[in-house]
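The values are calculated or read from the model by the stated rules, or taken from the named source; none is laboratory data. Bear in mind the structure is a predicted one, so any value in this text is a computation, not a measurement. Note that we place each Cβ from the backbone using ideal geometry, even for glycine, and neighbour counts take in every protein chain shown. The area values use the complete protein model at the heavy-atom level, side chains included, leaving out ligands, DNA and RNA. Shrake-Rupley method; radii C 1.70, N 1.55, O 1.52, S 1.80 Å.
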Amino acid sequence: MKRLFCLLAAVAAAAAGCKKEDGAAPAAPAGPIELQGAGATFPYPLYSKWVSEYQKIHPDVRINYQSIGSGGGIRQVTERTVDFGASDAPMTDAELQKAPGKLVHIPTTLGAVVVAFNLQGVTALELTPELVAGIFLGQITRWNDPKLAAPNPGAKLPDTAITVAYRSDGSGTTAVFTDYLAKVSPAWKEKVGAGKSVKFPVGLGAKGNEGVAGQIKTSPGSVGYVELAYARQNNLPYATLKNKAGKVVAPELAAVSAAAEGALASMPDDFRVSITDAEGDAAYPISSFTYILVYQDQQDARKGAALASFLWWAIHDGQKFEADLFYAPLPAELVTKVEAKLKTLTSGGKPLPAPGGAGG
Amino acid sequence: MSAPSEPYLRRRIVDVAARGLCVLMTVLAILPLLSLLGYVLKQGLGALSWSFFTELPRPVGEVGGGMANALAGSAILVGLACAIGMPVGILAGVYLAEFGKNRFGNAVRFCADVLSGVPSIAVGVFVYTLVVLTMRRFSALAGGVALGILMLPTVTRTTEELVRLVPDTLREAALALGVPKWRAILRVVLRTALPGIATGMMLAVARAAGETAPLLFTAFNNRFWSASLDKPMASLPVQIFTYAVSPYDDWHRQAWAAALVLVAAVLVLNVAARLVVYGRTAR
Amino acid sequence: MAASTGQAGADAQAAVAVEVNLGDRLFRWGTAAFAAGGVITLGAMAVEMVRASALSLSHFGPGFVTSTDWDPVRELYGALPYIYGTLVSSLLALLIAVPVSLGVAILLSELAPPWLLRPVSFLVELLAAVPSVIFGLWGVFVLTPWLRESVQPPLQSALGFLPFFKGTPRGFGLMAGGLILAIMILPTISSVSREVMRAVPSTLREGALALGATRWEMVRTAVLPYARSGIVGAIILGLGRALGETMAVTMVIGNRAEISASLFAPSYTMASVIANEFTEATGDLHLSALSEVALLLFLVTVALNIVARLLVWRVSRVSR
């Protein structure tokens, strides 16, 4: 074991020594900066657009983001195998304790978790919180159940079995969805609970938002929870929901922003907040922030500066790409707070060059 | 001549029925292969294009782009696996053939056989703990190590068998000329066995090129060009998996195209390996 | 190196002899070191997996394999659903693959004329060469829709009273997993069986034929009994491969940790849960539980492999 390790370490050191120059000579003009990120599939369509657009302005910065789920993002950033993580579910105190350094949550955008479905001849569906819980608890098993027909008098609901699709991987989207269900359904809260990986009573598991959307798309009669972008990009119909105020709301960007408004007043300093089942007539009940997770103190000054600059760009210029991809922009007062947070990032104790200075 | 007797007729019927059953089983065995190859060919050909081979993936949801980085990445990873698996495997095989008729040799053979049956995902987990956590990053190196470990048993056993096949007369002739034993083995025996070893190599490469599970937590994935050993690297099988389970139609098309490329590569390697073998035995 | 007479020549020869011994010895030790690489890797793997599972082993003990609770929220981990899924899908695969592979093996080794032999054996080997992920791709887009539309509904209407065919036909599930595994282990079982059958001495075959046996009777009485233990070994090798197969199964089995008698139900195998959850298990216990699943898989496949090799070696060694 030791011999193999030494051999590998030698090869690795040789490889690293040959290839990696950044960080070694800060004064000399070094090669391109590569940032590794991993995590939530929820914002993946947006992040992949950002990464591509940012590279056009800064060709020397390459950001490789892999969507492996919020659970994966948290784990990999904790183990420092990536430069930044991403998660829709804010990290719990226990998870933060485990990290070798202080991790900071940077909210980047707002999105909606929608209940998408694949049902022949049905393109619109209205659901109440009880119905959503009933479907995912496995209590409502056929599409033509009278409980489903009640709020949908015009829809021709066929006598097909309901196939639920859920996330098999550790998912922030699951955390948001189950957080909502736990709030609106005591039965759900007791039986299943909320979290990134819960035991769903019924259904088929798929990996990532991509997998669940794929599952819904290929299986007639299926229903699942996905981020709005995935439903829109794949032409999956999704349901309108009755919110806390009793109004039926569609997951539009304005409704998502409305859900965030309520939380602004009481926004904690670390931005960890849940905005599901929000107050307000226009609020869409399953909305969520999504966060990028970075260490307060960056190990590599050059990379840290590049990361901070990217994040600065994301919360300013990056916001204009959101509407096309069905994400809602961050509220203006939140952007100010996030700017302040970005300015507190350091490397080796020294503050990073002010992001948004040159080339922001 | 009298008519065949009753019991003989029954035996003939059983014989024909049994043979027919075997033919039926063979047809059943080949049907899925033909279906798979047919679909890969049909869907894949339609999706192949110049941009597939030369472009990088586009942002999620946008149509177009290609898998150029995954193609290059697979080539690099397999090359790395060969660099690790080949020397170790060939020299181990030489040891087993020349000096290995002892307890240690038996232990090595045993371990090689066992290693060839270990699920590739277990190898991936092992390399994650060994390399990825130690280096604190996903890397092409980790992927190469995982694939190299998977190649090791095949290369070792093939080398051993082929070196054993080299006639002793060659060895004795070399020794009689005063060549030191080690030189004789390297220059004469190994060189003679080389075509066969190359065959084993091709088959091992074909296996490594198609492995997905161990790469999931070692080389990870990368949407850019990358040639560094200490960064994540895209690979064809991982890309096929990611695209296949996604909801995007364009990604599905690209997955079929990638599958076509992968199957074609594996096919070519297998056919080439067979040709080498037949070429030798046809002498 | 030409031998020369006299003291100088003798000295030179002695020097060469020492050098030869040293070179040889270095070479021998060098190659032995590389050979040891395989042993070290296997050993390191075993050690590492035990080390990573230690937390879960001490926490759950033997209850790990009997509990059905896999709940990261409450930090309870039981691997029984995965063990069930792995075993059932593999057994289903064997049920389908064994008769088919034996048919193929018998055809190829005893019955086929030369013009048929080459292409058919080539095709069967090709089946072995196709990567798992491509089987998965075909499974998602071709096999599961076919099962869902054309196979499962008729099965349900004809045999729906049996617990195996209850539930909604979805395509994805145990049946798809078992079928795809069957296709994948078929070449393994058939090629090893063929090897074993080939090792049967021709005198036995000729003897049977000389006594007036039909071809099938010859196979039944002369070849199969002799090759029996080797064929069992081939089947066990196929089983070992089925247990460890990851990608194709993950893509079609439905990824649901539930024990159900129905073949239409979704399931989850040990290899699939590792592939899906490994990179994101945040809790130490979660990670350790996954490592324990990997350890179990490792131990079982190693044990099966050993048994199978012994059986196969026995038959092929005796005749060589």
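Some observations on this one:
- The distance linking the stretch A:266-328 with the stretch B:64-90 is 37 Å (Cα centroid to Cα centroid, whole angstrom).
- Considering only C:Leu143, C:Leu42, C:Leu92, the Gaussian network model of chain C with Cα springs below 10 Å gives its largest mean-square fluctuation to C:Leu42.
- Amide N proximity, the stretch C:54-72 versus A:Gln139 label position 7 Å along Cα-to-Cβ, cut-off under 15 Å: none
- Coupling constants for the stretch A:75-91 follow from the phi torsions by the Karplus curve (6.51 cos²θ - 1.76 cosθ + 1.60, θ = phi - 60°), and in residue order they are 5, 5, 6, 5, 7, 6, 8, 10, 7, 8, x, 8, 8, 7, 7, x, 5 Hz; glycine and proline get x.
- Its DSSP H runs of at least 4 residues, each contributing -39,500 (n - 2.57), put the calculated 222 nm mean residue ellipticity of chain B at -24500 deg cm²/dmol, to the nearest 500.
- Here the Karplus curve 6.51 cos²θ - 1.76 cosθ + 1.60, taken at θ = phi - 60°, turns the phi angles of the stretch A:223-230 into couplings of 9, x, 10, 9, 5, 3, 4, 5 Hz, with x standing for Gly and Pro.
- Whole-Hz ³J(HN,Hα) from phi, Karplus 6.51 cos²θ - 1.76 cosθ + 1.60, for the stretch B:134-151, glycine and proline x: 5, 7, 6, 6, 6, 8, 5, 4, 4, x, x, 4, 4, 5, x, 4, 5, 7
- Across the cross-link table entries A:Lys199/A:Lys247; A:Lys102/A:Lys189; A:Lys196/C:Lys166; A:Lys189/A:Lys217; A:Lys303/A:Lys350, which are compared at the Cα atoms, the separations over 21 Å belong to A:Lys199/A:Lys247; A:Lys102/A:Lys189; A:Lys196/C:Lys166; A:Lys189/A:Lys217.
- For the segment C:259-270, counting C-beta atoms of other chains within 10 Å of every residue's C-beta and taking the mean gives 1.
- Legend: residues B:Asp113, C:Asp284, A:Asp60, sorted from most to least accessible area (1.4 Å probe; ligands, DNA and RNA excluded), read C:Asp284, A:Asp60, B:Asp113.
- Of B:Val123, B:Val23, B:Val179, the one that fluctuates the most in a GNM where chain B has Cα springs shorter than 10 Å: B:Val23
- Most mobile listed residue (C:Asn276, C:Asn255, C:Asn305) in chain C, GNM with C-alpha springs under 10 Å: C:Asn276
- Distance violations [Cα-Cα > 26 Å] among A:Lys320/B:Lys231; A:Lys244/A:Lys337; A:Lys98/A:Lys341: A:Lys320/B:Lys231; A:Lys244/A:Lys337
- Residue among A:Phe326, A:Leu204, A:Gln139 farthest towards the positive dipole end of chain A, charges placed on Cβ: A:Leu204
- When only Cα pairs below 8 angstrom with a gap of at least 6 residues are kept, chain A shows a relative contact order of 22 percent.
- In the stretch C:40-135, the GluC sites (Glu not before Pro) that fall in loop regions by DSSP, at most 15 other Cβ within 10 Å: C:Glu75
- Once the Cα atoms are used to define both axes, helix A:208-218 deviates from the longest principal axis of chain A by about 40 degrees.
- Span from the the stretch B:132-166 Cα centroid across to the the stretch C:97-117 one, whole angstrom: 33 Å
- Sequence-separation-based contact order of the stretch B:53-282, relative, with Cα cut under 8 Å and 6+ spacing, percent: 27 percent
- The mean number of partner chain beta-carbon atoms within 10 angstrom of a residue's beta-carbon across peptide C:186-197 is 1.
- Relative contact order [Cα under 8 Å, 6+ residues apart], chain C, whole percent: 26 percent
- For the stretch C:130-206 and the stretch A:94-116, distance of Cα centres in Å: 43 Å
- Counting only heavy atoms of the protein chains and using a 1.4 Å probe, A:Asp159 has close to 100 Å² of accessible surface.
- With a 10 Å cut-off around each Cβ of A:157-170, the average count of Cβ atoms from other chains is 3.
- Relative to the longest principal axis of the Cα atoms of chain C, the long axis of helix C:224-244 makes an angle of roughly 70 degrees.
- Anisotropy class of the stretch C:57-318 from Cα gyration tensor, a/c 1.5 cut: prolate
- Cα-centred dipole magnitude for the protein assembly as shown, charges only on beta-carbon of K, R (+1) and D, E (-1), debye, nearest 20: 3000 debye
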